[in-house]
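To start, the structure under review is shown below, and the notes come after it.
The values are calculated or read from the model by the stated rules, or taken from the named source; none is laboratory data. This is a predicted model, so every value here is computed, not measured. In this analysis, Cβ positions are derived from the backbone assuming ideal geometry, glycine residues included, and neighbour counts consider all displayed protein chains.
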Amino acid sequence: MALLTALQGGFGDAADALRIDGRALSREELLGAATAVADRVAGAPALAVLARASVETVTAVVGGLLAGVPVVPVPPDSGPKEREHILRDSGAALLARAVGDSEDSGVGGVKGLAVDLTERSATTYAEPAGDTTGFVLYTSGTTGAPKGAVIRREAVAADLDALASAWQWTAEDTLVHGLPLFHVHGLLLGVLGALRTGSRLVHTGRPSPTGYAAAGGSLYFGVPTVWSRLVADPEAAARLASARLLVSGSAPLPVPVFEKLAALTGHAPIERYGMTESLITVSTRADGERRPGSVGLPLDGVRTRLVGEDGAPVPSDGESVGELQVAGPTLFSGYLNRPDADAESWTADGWFRTGDVAVIGEDGFHRIVGRASVDLIKSGGYRIGAGEVEAALRDHPAVADAAVVGAPDEDLGQAIVAYVVPDGPVTGDQLTAFVAERLSVHKRPRRVVLVPELPRNAMGKVLKKQLLAEGGKR
Ligand code: MCA
Ligand code: AMP
């Protein structure tokens, strides 16, 4: 069966089946233009896509998928260091971007491919096998450059079908969100989900409360920051009362935001949990209980278990905490070129170690308690490795040493705070700009604290918990 069932299966065709930041395409237009992309990329080892939130991005991604070429979304604001790593590591031969977007890949051997929405092709491509790679998605670990998670087409299909069942998501829905198109949430769920189920898609551009209120959808996706900004605007929030389902994910939804959202819109939000590597694995259900602070039950086909630090099973008693491990059809195939990371991430019996600490109730409901490592930060729903930001800071000539933590933040969940030992005259703003230029803008520190030295233990390891405890005060 085709991955993009609704796109290729002749569902009803509204002129604005897909609307992104005010520009619309029908499914027929999308299919014609994407097939023209497929004709140009067929046979390439991988297709990188400069993933601005645009109809061109969707056209390029669909073109790659039609031709059976692995798609590698590139964050549009990624600086040279991050972009070069993604392009080289993935082996992409082409970087797709909108016609008129003059941005060069900056990497020798990677050719630009301009996506022209007026092109059409009617070539028919055989559906690639389910176990071929659909995507390589780059995601941060605690240290080093981002790793490419290799995601099979059948994993995407299995996840979208399980979510459609959990959320009663159908072609009758209009999906609304304003999330970036280079991650699982915005791209795999938020775009491919619409092209598989047949629902209309309205992408609002930046996910503002007024943009969500004006979109008139039935199914809304957001990260917790989006929902907490929405409830701060009660008039906008009230306009979501006509929706069917509000879904939160990518980071913990604070209980007060859950409650305000329920009060202002009349809808208790659905919470779901996942990772780039596993796609979405656990969710509350459209027809089930939606409990604040809980992400619900495993999706169809997904298995979960808790394991203690000693490797022993942890009971599902609603109290005992353990590392959450997952298995099932939505799991990725491994990290590209990183056997070391694979060895750390998979158990001998084939389960994936999420690195998240959780509690499972006797009723099967899952509660995510936190992350095992302080070095993986979630800010605004973005996953950021402390080590990558520290390395970028250390590249600055006036930085002797740096330690990065995720400090609790009302708006972003966690905010990146950098403790820097200077080695010459430098300001916090200069360092913030330095990181934003080299990595992605969302990886920049929100606060830089200049310190004479970093607290370390006897082994020389930075005491991050101490920095966090002092965080607000310094
Ligand atoms: C600010 N800007 C700068 C600088 N400071 N630019 C350069 N240098 C600087 N020093 C500019 C930015 O370019 C941007 O400009 C603007 O300021 C604001 O950027 P930012 O502060 O990052 O935006 P924000 O308002 O804080 O963003 C909040 C947000 C965002 C919209 C909620 O965090 C977001 O989109 N989060 C979603 C993350 C996500 O989708 N995660 C899913 C991962 P300009 O306006 O020009 O752009 S997938 C996942 O987790 C799984 C599988 C799951 O479970 O879903
Ligand atoms: P990413 O790979 O960017 O998708 O980040 C995955 C991580 O986001 C997970 O390992 C969790 O730490 C976090 N996460 C995703 N969804 C939730 C949720 N509903 N509640 C708490 N944490 C979440």
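Taken over segment 136-192, the criterion of being touching a Gly at 6+ places or on another chain (Cβ under 7 Å), closer than 14 Å to LEU219 by Cβ and within 12 Å of ligand 2 (Cβ to nearest atom) is satisfied by LEU179, HIS185.
Yes/no matrix, rows are residues, columns are (1) surrounded by 18 or more Cβ atoms within 10 Å (Cβ to Cβ); (2) more than 27 Å from GLY148 (Cα to Cα); (3) within 16 Å of ligand 1 (Cβ to nearest atom); (4) among the acidic types (Asp, Glu):
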site	(1), (2), (3), (4)
PRO313	no, yes, no, no
SER316	yes, yes, no, no
GLU319	no, yes, no, yes
VAL326	yes, no, yes, no
LEU331	yes, no, yes, no
ASN337	no, no, no, no
ALA348	no, no, no, no
GLY361	no, yes, no, no
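Within segment 182-197, the set of residues being part of a loop (DSSP other than H, G, I, E, B) and crowded, with 24+ Cβ neighbours inside 10 Å comprises just one member, PHE182. Within the option set THR204, THR210, being among the hydroxyl-bearing types (Ser, Thr, Tyr), at pLDDT 95 or above, crowded, with 22+ Cβ neighbours inside 10 Å and farther than 14 Å from LEU245 by Cα holds for one residue only, THR204.
Among the residues that make up segment 55-64, is at least one of them farther than 22 Å from LEU31 by Cβ, among the small types (Gly, Ala, Ser) and in contact with a helix residue (DSSP H, G or I) (Cβ under 6 Å, 6 or more places away or on another chain)? For segment 55-64, residues farther than 22 Å from LEU31 by Cβ, among the small types (Gly, Ala, Ser) and in contact with a helix residue (DSSP H, G or I) (Cβ under 6 Å, 6 or more places away or on another chain): absent. Taking first residues from segment 25-40 that are part of a loop (DSSP other than H, G, I, E, B) and partners that are among the small types (Gly, Ala, Ser), the Cβ contacts under 8 Å between residues at least 6 apart in sequence or on separate chains come to SER26/ALA14; SER26/ALA15; SER26/ALA17.
Of the residues making up segment 354-393, those that are in contact with a helix residue (DSSP H, G or I) (Cβ under 9 Å, 6 or more places away or on another chain) and acidic (Asp, Glu) number 2.
Scanning segment 284-342 for residues that are over 20 Å from the mean Cα position of the chain (by Cα), more than 26 Å from ALA268 (Cα to Cα) and among the polar types (S, T, N, Q) turns up SER320, ASN337.
Tell me, which residue of segment 285-298 that is within 13 Å of ligand 2 (Cβ to nearest atom) and free of Cβ contacts under 8 Å to residues at least 40 places away in the same chain is surrounded by the fewest Cβ atoms within 10 Å (Cβ to Cβ)? Among them, the one singled out is PRO292. Looking only at segment 363-379, which residues are among the small types (Gly, Ala, Ser) and either near ligand 2 (Cβ under 9 Å from one of its atoms) or surrounded by fewer than 20 Cβ atoms within 10 Å (Cβ to Cβ) (or both)? Once the filter is applied, which keeps residues that are among the small types (Gly, Ala, Ser) and either near ligand 2 (Cβ under 9 Å from one of its atoms) or surrounded by fewer than 20 Cβ atoms within 10 Å (Cβ to Cβ) (or both), segment 363-379 yields GLY364, GLY370, ALA372, SER373.
Within segment 416-426, being more than 16 Å from ligand 2 (Cβ to nearest atom) and either closer than 12 Å to PRO445 by Cβ or in contact with a Cys (Cβ under 6 Å, 6 or more places away or on another chain) (or both) holds for VAL417, ALA418, TYR419, VAL420.
Scanning segment 430-441 turns up no residue that is free of Cβ contacts under 8 Å to residues at least 60 places away in the same chain, away from ligand 2 (no atom under 16 Å from the Cβ) and charged (D, E, K, R).
Considering segment 118-144, the residues that are surrounded by 20 or more Cβ atoms within 10 Å (Cβ to Cβ) and in a loop (DSSP other than H, G, I, E, B) include one that is farthest from the chain's Cα centre (by Cα), namely GLY141.
Please find, among VAL417, VAL449, VAL404, the residue that is more than 16 Å from ligand 1 (Cβ to nearest atom), within 31 Å of the chain's Cα centre (by Cα), assigned to a strand (DSSP E or B) and surrounded by 15 or more Cβ atoms within 10 Å (Cβ to Cβ). Every option except VAL449 fails the conditions. Between ARG206, ARG200, the distinction of being more than 21 Å from LEU279 (Cβ to Cβ), away from ligand 1 (no atom under 15 Å from the Cβ) and under 22 Å from the mean Cα position of the chain (by Cα) belongs to ARG200 only.
Within 16 Å of ligand 1 (Cβ to nearest atom) and of a type outside the set (S, T, N, Q) - does that describe any residue in segment 25-43?
No; the residues of segment 25-43 include none that is within 16 Å of ligand 1 (Cβ to nearest atom) and of a type outside the set (S, T, N, Q).
Residues that are surrounded by fewer than 19 Cβ atoms within 10 Å (Cβ to Cβ) and either among the charged types (D, E, K, R) or closer than 21 Å to GLY190 by Cα (or both): does segment 270-283 have at least one? No, that holds for no residue.
Checking segment 75-85 against the condition returns no match, with no residue being of a type outside the set (Phe, Trp, Tyr), in contact with a strand residue (DSSP E or B) (Cβ under 6 Å, 6 or more places away or on another chain) and part of a strand (DSSP E or B).
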